[in-house]
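Note sheet for the following structure.
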Amino acid sequence: MFLEEIGADSRIRELFRSRATVGTELGRVSFTSHEQYRILLEAAECEATPTGRIRWDSALPAVGDWVVARPVDSTLALIQDVLPRRTQFSRRAAGRAGAEQVAAANIDLAVIVCGLDGDFNLRRLERYLVLARESGAEPVIVLNKADVCHSVPECREAAARIARGAGMVVLSAIESVSLVAPLVRGRTIALFGSSGAGKSTIANGLLGQERQATGPVRVADSRGRHTTTSRMLIPMPGGGAIIDTPGMRELQLWASEGALDDTFDDIAELARRCRFADCTHSEEPACAVREALESGVVEQSRWQSYQKLKRELRHQMVEQDPHARIAERKRWKTIHKSLRNHPKYRR
Ligand SMILES: Nc1nc2c(ncn2[C@@H]2O[C@H](COP(=O)(O)OP(=O)(O)OP(=O)(O)O)[C@@H](O)[C@H]2O)c(=O)[nH]1
Ligand SMILES: [Mg+2]
Ligand SMILES: [Zn+2]
């Protein structure tokens, strides 16, 4: 059974049965690009178009989604329903009123690919890790292009310090891609990361064939040229599937503070140890965060990264939700009040 090989387990079958109507089949979205879709059915792959109701509910399918499909002919099917997702990797769409944009659904593993060339950037990795933790999938960092890097041990160590429980593999997609193969194990894995990081090269290596086009990076800054332009799910020979995605130009958060604190659990834990529960970590006495920064246990750059991401999340929350706006105003009021009562500020 083909769909079973790419993840149609009893839970999916059950969900399908509860929503299926006469003349429909189970399918999985294998391609999305600008509201164009393809789906895999048990015996075919065809183009697909969501019905008006789905558009109306603005619950548009994402690559990896399991759907109730109604074949029209051998080349086209209607997507009548999208089954509830187990995981979804999202970012905030560009633009002011940014909505959630689902980059991939029902993935088991969120693989963050980072080149060990000019692409190597711990702060960007942290941002990806927050999104990966929010997705519900297991996060894994792949440090790629080890063959062209002269400081692999240092980079590995620096990345391991921020991984905080996420898996990590260091490899060269050209020389040692087999190191990621054990991660697939019949599951659905999705590759994320900047353009030029080597996502499509890794996908090809795992598939054992040149399915995806790859393109060179700019010598000056290792940036890719956005070679991959659509999101694709490709079945793996022997079970499982790989989702290759285009490098994202802008990676705005779509996450909860919980996912942020899981990613920065070292800092979140310190903050719990401050004397004051509402410590702002700026001037208060017995502040565990400031002590950790002063002694070098936590690097300044990581602390700044955490604060920046936290501000970004709060800002979004306030923008989207009038209740949050009121709560945020209250929060600042208490902060100002506690500062006023602070011995250092009391006049
Ligand atoms: N030296 C070396 N080059 C690599 C490695 N992996 C990928 N490359 C090269 O890096 C360039 C970009 O690789 P792609 O696989 O196209 O990158 P991508 O992440 O898919 O990029 P987009 O599709 O633009 O998002 C290509 O020229 C690859 O040959 C590696 O491990 N070592
Ligand atoms: Mg690509
Ligand atoms: Zn503190």
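Points worth noting:
- Tally of residues being buried (at least 18 other Cβ atoms within 10 Å of the Cβ), in a helix (DSSP H, G or I) and within 15 Å of ligand 3 (Cβ to nearest atom) across region 290-315: 5
- Exactly one residue among Glu100, Glu138 is at pLDDT below 95 and acidic (Asp, Glu), and that residue is Glu100.
- Taken together, the residues in region 219-278 that are without any contact (Cβ under 8 Å) to a residue 60 or more places away in the chain, closer than 19 Å to Leu309 by Cα and within 16 Å of ligand 3 (Cβ to nearest atom) amount to 7.
- Exclusive hit being closer than 30 Å to Ala173 by Cβ and not hydroxyl-bearing (Ser, Thr, Tyr), set Arg86, Arg11, Arg55: Arg86
- At least 3 residues being in contact with an Asp or Glu (Cβ under 7 Å, 6 or more places away or on another chain) is the threshold, and among the helices (runs of 4 or more DSSP H) wholly inside region 154-266 those reaching it are 199-207.
- Taken residue by residue, region 280-289 has no member that is polar (S, T, N, Q), under 30 Å from Leu109 (Cα atoms) and either at pLDDT 95 or above or outside any helix (DSSP H, G or I) (or both).
- Cβ-Cβ distances below 8 Å connect the following pairs, each with a first residue in region 165-191 that is under 24 Å from Thr263 (Cβ atoms), a second residue that is in a loop (DSSP other than H, G, I, E, B) and of a type in the set (D, E, K, R), and a separation of six or more residues or different chains: Arg187/Asp108; Thr188/Asp108; Ile189/Asp108.
- Tallying residues that are over 19 Å from Arg302 (Cα atoms) and in contact with a Cys (Cβ under 7 Å, 6 or more places away or on another chain) within region 147-173 yields 1.
- Considered as a group, the residues in region 263-279 that are within 21 Å of Ala132 (Cβ to Cβ) and charged (D, E, K, R) include one that is surrounded by the most Cβ atoms within 10 Å (Cβ to Cβ), and that residue is Asp266.
- Some residue of region 231-238 being within 12 Å of ligand 1 (Cβ to nearest atom), among the basic types (Lys, Arg) and touching a strand residue (DSSP E or B) at 6+ places or on another chain (Cβ under 6 Å): yes
- Qualifying positions in region 118-153 - surrounded by fewer than 19 Cβ atoms within 10 Å (Cβ to Cβ) and in a helix (DSSP H, G or I): Leu122, Arg123, Arg124, Asp147, Val148, Val152, Pro153
- Candidates Ser256, Ser230, Ser200, Ser282 - the one that is surrounded by fewer than 17 Cβ atoms within 10 Å (Cβ to Cβ), among the polar types (S, T, N, Q) and within 16 Å of ligand 2 (Cβ to nearest atom): Ser230
- On the stretch given as region 98-117, residues that are surrounded by 19 or more Cβ atoms within 10 Å (Cβ to Cβ) and closer than 27 Å to Pro216 by Cβ total 9.
The values are calculated or read from the model by the stated rules, or taken from the named source; none is laboratory data. Everything numeric here is computed off the predicted structure, so don't read it as measured data. For neighbour counting, all protein chains shown are included, and Cβ atoms are generated from backbone atoms with ideal geometry for every residue, glycine included.
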